[in-house]
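As structure tokens, the structure follows; a few thoughts come after it.
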Amino acid sequence: MFHFLSALKQSLRYRWSIAGAVICSLMVAMLWSASITTVFPLVETVFERKTFPEWAAEGLQEAEERRDKLQQEITALQVELADSNKQSAVPIQADLAKKQDFLLAETKAVEWFGAWQPTIERYAPATPFGSLLAAMAFLVIATAIKGVFLILSCLCVARVANGTVMDMRRIYYRKAMELDQLRIDRIGTSNMMTHLAHNMMLVSGALTMFYGKSIREPLKMITCLSIAAWISFPLLLISLTVVPFGAILVHRVSRGMKNATRKEVEGMADIFETLIETFGSIKTVRIFNQESTERKRFKSNSGMLYRMAMRMRFYDALLRPTTELLGIVAIAVSILAGAWLTLSGSQTLFGFTISERPLSPGELMLFYGMLAGASDPARKMSEIINVLVRGGTACEALNDCYDVESKVTAPANPTPLPLHAEEIEFDNVLFAYMPHQPVVKNVSFKIPYGQTLVIVGENGSGKSTLVNLLARFYDPHVGRILIDGVNIRETNPKKLRRQIAWVTQDSALFQGTVYENIAYGTRNPDRAQVMAAARMARVDQFIEQLGNGYETQVGEGGKQLSAGQRQRVILARAIVADPQILILDEATSQLDGHTERLLHDSLAPFIKSRTTIIITHRISTVDMADRVIVMESGKVVSDSTPEEAANSSEKFQFLFAKSA
């Protein structure tokens with residue numbers, strides 16, 4: 001629950017809506033208890049064929065008679081006390097003090113009836129049925145007004161909950177974008193989707209409950225218990241002796257609910273993971289006839305989620321009848337105690353004074369009505385606790401995922417990075433994704449500005465990791481990467497990446513048009529600049545085949561385009577960014593040989609005016625290079641011109657033997 005405080009703190013932005021919800025909840029609670037108080041006049045008047053004026057007159061007369069009788073008894077006790085010795089004076093003094101308290105209560109009753117009797121005689125109905133009609137009218141009007149305040153309360157609460165969750169989604173989405181790549185890789189897409197979708201839904205439910213029922217129901221309970229305490233506070237204490245047992249039970253069930261919620265979140269992440277993998281690779285699933293395998297995996301994950309949901313329903317079901325039973329026990333205890341007081345005519349129970357005035361049947365009925373009115377909100381508290389526990393667990397999961405300092409951050413006083421114009425240097429760089437398993441091992445080399453460098457090697461040799469480190473998606477564990485003599489670790493990553501454009505074989509297109517995806521590479525796109533980049537990337541070769549040209553929607557992930565078309569759009573995006581450092585990681589792997597040659601011819605002038613790093617498995621791409629680095633097992637094993645590599649590097653010759 002401690003982590004839920006972060007959501008509550010965020011919700012304070014909507015303080016006026018919160019204030020409105022509290023005020024409306026208070027009015028609902030007052031009208032709730034006021035509706036129950038109609039029991040009192042019904043019992044005291046209508047069911048005894050009396051009118052309100054008759055009830056007030058009899059009440060005043062009875063209070064005056066008891067007051068006069070108590071005054072006489074007190075006078076007699078005072079005389080008796082004066083004639084007693086020290087030993088016999090003690091019980092007389094105790095009895096005298098008790099009678100004086102009773103006298104004070106009756107005096108107040110006389111004053112109360114005396115103050116209200118003129119008003120009651122003037123405005124109250126003069127017949128028993130008229131009294132009943134007035135009571136029912138009050139009940140209907142109070143219920144209608146309560147409904148209006150309930151609607152207003154729900155609207156205020158909805159604004160707070162939905163607005164807060166909207167803000168939290170934005171905050172955590174921004175935090176997700178700022179996480180270092182290594183942590184994003186470890187968390188996984190499915191977990192991040194679970195947090196921003198399912199967990200946020202739990203937080204929304206908890207906020208709705210917190211500012212709704214968790215305020216409204218306790219206020220209803222407090223108003224009812226306050227009236228019950230006004231009637232007889234000692235009797236109320238006797239009735240609430242079961243409360244500690246309920247608190248212990250709720251605490252134990254809440255712990256089980258918290259663990260079950262954590263398991264549910266994990267199960268939801270597994271569901272998302274299965275859906276993402278299956279629908280994202282549906283062709284692979286179908287070509288290998290693995291539909292049944294994926295159905296079994298989804299069935300297993302769904303089954304686990306079902307079991308967690310049933311476990312939470314068990315806790316919920318356990319609390320509801322238990323709290324209801326405790327409420328009935330409390331009422332039963334109070335009925336037994338009150339009945340004994342009424343039947344015996346006593347005002348004490350087990351030697352304790354329960355009421356300073358004798359309790360009438362109407363007062364007892366009102367007392368029981370208030371306990372019943374308090375038991376309904378108490379029963380709903382189990383639902384409130386469950387929802388708040390789930391929301392708190394969701395907040396904890398969100399904090400654990402996103403409230404982590406990124407390992408790739410801008411230093412407090414970042415070193416300005418000049419526009420790249422000299423050289424890039426890898427100085428004794430070592431990096432590992434997993435502890436003690438380095439994928440780049442003490443690599444050192446320099447790339448002069450304007451040079452086109454091709455890096456080749458088998459899969460897993462560390463080629464892509466080098467450019468990931470250059471873009472500061474990760475930081476080296478050992479060594480430095482310098483651009484024009486500046487250690488990039490001492491710079492702002494965002495300003496570094498403004499000088500870099502990146503094209504990979506799996507680069508994504510975003511929902512939108514072809515034009516919008518090309519223009520994505522620059523903040524202030526100029527249409528002429530976008531069109532020039534499109535021509536250079538040979539997008540113009542296929543654009544007329546599309547239904548709406550550059551305004552054609554590419555679909556989810558660019559699925560409306562072919563793989564080769566997507567790759568050319570992505571390349572155009574990099575060109576329009578006009579970077580100082582261009583990274584092409586298998587950027588033409590989806591193109592046919594003819595299109596690739598045309599593309600190379602178009603790119604040649606563009607590449608020569610900036611530092612270009614190309615990762616490829618194609619010998620045709622190597623021909624574009626000024627220099628070739630061959631990597632093996634995370635190390636540089638050859639660094640030469642393409643001609644020298646082809647003649648003297650055994651690893652290069654092995655890699656391109658078939659091409660040769």
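The values are calculated or read from the model by the stated rules, or taken from the named source; none is laboratory data. This is a predicted model, so every value here is computed, not measured. Quick reminder, even Gly has a Cβ in these numbers, built from the backbone with ideal geometry, and neighbours come from all protein chains shown.
Restricting attention to strands (runs of 3 or more DSSP E) lying wholly within region 434-489, give those where 2 or more residues are farther than 22 Å from residue 640 by Cα.
Answer list for region 434-489: 437-448, 478-483.
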* Filter region 417-442 for residues that are within 21 Å of residue 491 (Cα to Cα) and either among the hydrophobic types (A, V, I, L, M, F, W, C) or in contact with a helix residue (DSSP H, G or I) (Cβ under 8 Å, 6 or more places away or on another chain) (or both) and give the result. => 417, 419, 421, 424, 426, 429, 430, 431
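Inspect region 241-249 for any residue being surrounded by 22 or more Cβ atoms within 10 Å (Cβ to Cβ), aliphatic (A, V, I, L, M) and out of contact with any Pro (no Cβ under 6 Å at 6 or more places or on another chain) and give the result as yes or no.
No, region 241-249 contains no residue that is surrounded by 22 or more Cβ atoms within 10 Å (Cβ to Cβ), aliphatic (A, V, I, L, M) and out of contact with any Pro (no Cβ under 6 Å at 6 or more places or on another chain).
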* Within region 510-536, count every residue that is under 21 Å from residue 591 (Cβ atoms), more than 42 Å from the chain's Cα centre (by Cα) and free of Cβ contacts under 8 Å to residues at least 60 places away in the same chain. => 4
* **Among the candidates 639, 623, residue that is more than 18 Å from residue 501 (Cα to Cα), of a type in the set (Asp, Glu) and loosely packed, with under 13 Cβ neighbours inside 10 Å** => 623
* Asked: If you take just the helices (runs of 4 or more DSSP H) that sit entirely in region 113-226, which of them hold at least 3 residues that are within 30 Å of residue 57 (Cβ to Cβ) and in the same structural domain as residue 274 (by TED's automatic domain parsing)?
  -> 128-178
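Here is a yes/no grid of residues against (1) within 30 Å of residue 221 (Cα to Cα); (2) surrounded by 15 or more Cβ atoms within 10 Å (Cβ to Cβ); (3) more than 28 Å from the chain's Cα centre (by Cα); (4) among the basic types (Lys, Arg):
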{"site": "363", "(1), (2), (3), (4)": "yes, yes, yes, no"}
{"site": "368", "(1), (2), (3), (4)": "yes, yes, yes, no"}
{"site": "377", "(1), (2), (3), (4)": "yes, yes, no, no"}
{"site": "393", "(1), (2), (3), (4)": "yes, yes, no, no"}
{"site": "406", "(1), (2), (3), (4)": "no, yes, no, no"}
{"site": "411", "(1), (2), (3), (4)": "no, no, yes, no"}
* **Positions within region 551-574 being of a type in the set (A, V, I, L, M), surrounded by 13 or more Cβ atoms within 10 Å (Cβ to Cβ) and not in a loop (DSSP other than H, G, I, E, B), in sequence order** => 569, 570, 571, 572, 574
* Where in region 1-107 are the helices (runs of 4 or more DSSP H), entirely inside, with at least 3 residues that are over 29 Å from residue 118 (Cβ atoms), modelled with pLDDT of 80 or more and out of contact with any strand residue (DSSP E or B) (no Cβ under 8 Å at 6 or more places or on another chain)? -> 4-11, 15-36, 52-83
* Residue that is basic (Lys, Arg), surrounded by 15 or more Cβ atoms within 10 Å (Cβ to Cβ), modelled with pLDDT of 90 or more and more than 38 Å from the chain's Cα centre (by Cα), where the choices are 480, 472, 489 -> 480
* Specify the residue that is farthest from residue 363 (Cα to Cα); the eligible residues are those in region 89-103 that are surrounded by 12 or more Cβ atoms within 10 Å (Cβ to Cβ) and over 60 Å from the mean Cα position of the chain (by Cα). => 89
* Asked: Of all residues in region 130-149 being crowded, with 18+ Cβ neighbours inside 10 Å and modelled with pLDDT of 80 or more, which is nearest to the chain's Cα centre (by Cα)?
  -> 149
* From the list 454, 467, 443, pick out the single residue that is β-branched (Val, Ile, Thr) and in contact with a Pro (Cβ under 8 Å, 6 or more places away or on another chain). => 454
* Would it be correct to say that residue 624 is within 25 Å of residue 437 (Cβ to Cβ) and in contact (Cβ under 8 Å) with a residue 12 or more places away in the chain? -> no
* Asked: Taking residue 386, is it under 36 Å from the mean Cα position of the chain (by Cα), among the polar types (S, T, N, Q) and assigned to a helix (DSSP H, G or I)?
  -> yes
* Asked: Could you say which residue among 287, 276, 248, 271 is at pLDDT 75 or above, under 30 Å from residue 28 (Cα atoms) and assigned by TED's automatic domain parsing to the domain that holds residue 34?
  -> 248
* To do: Scan region 496-512 residue by residue and report those that are modelled with pLDDT under 90, outside any loop (DSSP other than H, G, I, E, B) and more than 17 Å from residue 575 (Cβ to Cβ).
  => none
* If residue 281 passes every condition in (1) surrounded by fewer than 16 Cβ atoms within 10 Å (Cβ to Cβ); (2) touching a residue at least 40 places away in the same chain (Cβ under 8 Å) but one, which one does it miss? -> (2)
* Asked: From the list 431, 350, which residue is farther than 28 Å from residue 3 by Cβ, in contact with a Ser or Thr (Cβ under 9 Å, 6 or more places away or on another chain) and either modelled with pLDDT under 85 or not assigned by TED's automatic domain parsing to the domain that holds residue 203 (or both)?
  -> 431
* Asked: Considering only residues of region 528-572 that are in contact with a strand residue (DSSP E or B) (Cβ under 8 Å, 6 or more places away or on another chain) and not polar (S, T, N, Q), which is nearest to residue 625 (Cα to Cα)?
  -> 571
* What pairs can you find where one residue is in region 216-242 and within 24 Å of residue 28 (Cα to Cα) and in contact (Cβ under 8 Å) with a residue 24 or more places away in the chain, the other is surrounded by fewer than 18 Cβ atoms within 10 Å (Cβ to Cβ) and polar (S, T, N, Q), and their Cβ atoms are less than 9 Å apart, with a gap of 6+ or different chains? -> none
* Count - residues of region 397-434 that are farther than 15 Å from residue 187 by Cβ and among the acidic types (Asp, Glu) -> 4
* **Out of 330, 337, sole residue that is touching a strand residue (DSSP E or B) at 6+ places or on another chain (Cβ under 7 Å) and assigned by TED's automatic domain parsing to the domain that holds residue 370** => 337
* Could you list all residues from region 554-597 that are among the charged types (D, E, K, R), without any contact (Cβ under 8 Å) to a residue 24 or more places away in the chain and not assigned by TED's automatic domain parsing to the domain that holds residue 529? => 597
* Say whether the condition of being under 43 Å from the mean Cα position of the chain (by Cα), assigned to a helix (DSSP H, G or I) and crowded, with 22+ Cβ neighbours inside 10 Å is met by at least one residue in region 537-550. => no
* Could you check region 588-660 for strands (runs of 3 or more DSSP E) lying wholly inside it with 3 or more residues that are of a type in the set (Val, Ile, Thr)? => 611-615, 627-632
